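The values are calculated or read from the model by the stated rules, or taken from the named source; none is laboratory data. Predicted model, so just to flag it, every value in this text is computed and none were measured. Positions of Cβ are backbone-derived with ideal geometry, glycine not excepted, and every protein chain shown enters the neighbour counts. Accessible surface areas use protein heavy atoms only, side chains included; no ligands, DNA or RNA. Shrake-Rupley method; radii C 1.70, N 1.55, O 1.52, S 1.80 Å.
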Amino acid sequence: MESKKMIFMFDVDTTLTPHRKRVESDMEQFLQKLRSKVKVALVGGSDLHKIAEQMGGDDVIDKFDYVFAENGLVAFKDGKQIGQENLQKHMGDDILQKVINFCLHYMSQLTLPVKRGTFVEFRSSMLNICPVGRSCSQAERDEFSAYDQEHKIREKFKAALEKEFGNAGLQFAIGGQISLDIFPVGWNKTFCLQFLEKDSFETMHFFGDKTAKGGNDHEIFEDARTIGHTVTSPADTIKQVTETLNGLGL
Ligand code: M1P
């Protein structure tokens, strides 16, 4: 039985894959089987390139009913692009440069276990700011993450950004393991819901790990239009989805 009016949406990192790693084959099979019962959407904070890397290749947009990259600011349905926003046009270079300068200055004052390269990644709909540098190795990523948990590097950075740019119409979110996302207010994961509302879904389940306040799954998890589920790992996602389907008799 397929419930066409129901959609299951998934965050990518930690929800479907281990941190910044490729999806495992049991999850790939599970998601494809799920598509015979309900529509399935990916809602990632990362750009499409990284989502494709993690979800098994460039055909990711054909393997799911919807793929929402950069919180849905870059949107695909049935393999075709249906949305694309532009941060630079929306905010203007003046404020963007102020934010970038502030971040670079703030990060220059930090002493971390190591620093590598690419501290600012300018994406089509968001700035991704990374104190350790995005070109770090997996081991350096894990080391930063442990250091961050102890020293609250990103939490303090986020608070400093909110203090400085509180009235600039920007939102700051801790998305993955090593970085912060900065985007216009409202350009969080709830942005993708407009596409699904247009397609008249009656029930929208969302599964994500960063659902607490300040995390990049928080707003969509809390949104009145969705039924939110907090998961802790890909295995937990499979468990909770299975329980939800059982509860629905699907
Ligand atoms: O989980 C989504 C996040 O994935 C990456 O985070 P990090 O590199 O810090 O683990 C980034 O692409 C980030 O923008 C995104 O929100």
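What number comes out for accessible area per residue over the chain if the probe is 1.4 Å? Units Å², please.
On the way: 11230 Å² over 250 residues.
Value returned for the chain: 45 Å² of accessible area per residue.
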Residue-wise, which Karplus ³J(HN,Hα) couplings in Hz belong to the range 218-233, taking 6.51 cos²θ - 1.76 cosθ + 1.60, θ = phi - 60°, and x for glycine or proline? 4, 5, 5, 5, 7, 4, 5, 7, 10, 9, x, 10, 8, 10, 10, 5
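Ignoring ligands, DNA and RNA, what percent of the accessible area of the range 101-164 is carbon or sulfur (1.4 Å)?
With neighbouring chains kept in place, the figure for the range 101-164 is 50 percent.
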What residues qualify as long-range amide H neighbours of Q84, i.e. H under 5 Å apart, gap of 5 or more or another chain, H built at 1.01 Å from N? A75
Within the range 152-214, how many lysine pairs that are 8 or more places apart, or on different chains, have C-alpha atoms less than 19 Å apart? 12
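Within the accessible area of the range 171-211, what % is carbon and sulfur when the probe is 1.4 Å and the other protein chains stay in place? Intermediate values should be presented prior to the final figure.
On the way: 530 of 1150 Å².
Here it works out to 46 percent.
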Mind checking which aspartates and glutamates have their C-alpha under 15 Å from K115, skipping anything on the same chain fewer than 8 residues away? E140, D142, E143, D148
Sorted by chain and number, the residues with a modelled amide H under 5 Å from that of D65, at a separation of 5 or more or across chains, are V40
Give the cross-link partners of K5 among the aspartates and glutamates, using a straight C-alpha distance below 17 Å as the criterion and excluding same-chain residues fewer than 8 apart. D65, D78, E197, D199, E202
Relative contact order (percent) for the chain, with alpha-carbon contacts under 8 angstrom and 6 or more residues of separation? 21 percent
If you stretched the chain out fully between D78 and A159, how much longer would it get, using 0.36 nm times the residue separation minus the C-alpha to C-alpha distance? 25.3 nm
Using the Cα atoms of the range 128-250 to build a convex hull, what is its mean projected area in square nanometres? 9.4 nm²
Compactness relative to 2.2 N^0.38 Å, alpha carbon Rg of the chain: 1.00
Test of the criteria: in the range 131-197, which trypsin sites (Lys or Arg not before Pro) are in a DSSP loop and have at most 15 other Cβ atoms within 10 angstrom of their Cβ? K152
For the range 1-67 the GluC sites (Glu not before Pro) that pass both the DSSP coil test and the at-most-15 other-Cβ-within-10 Å test are E2, E24
Taking a point 7 angstrom from the Cα of K33 along the C-beta vector, which residues in the range 211-250 have backbone N less than 12 Å away? 238-239, 242-243
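Please compute the length gained on full extension between E150 and S233, using 0.36 nm multiplied by the number of residues separating them and subtracting their Cα-Cα distance. Mind dumping the intermediate values first?
Values: separation 83, 0.36 × 83 = 29.88 nm, distance 2.10 nm.
Answer, rounded to one decimal: 27.8 nm.
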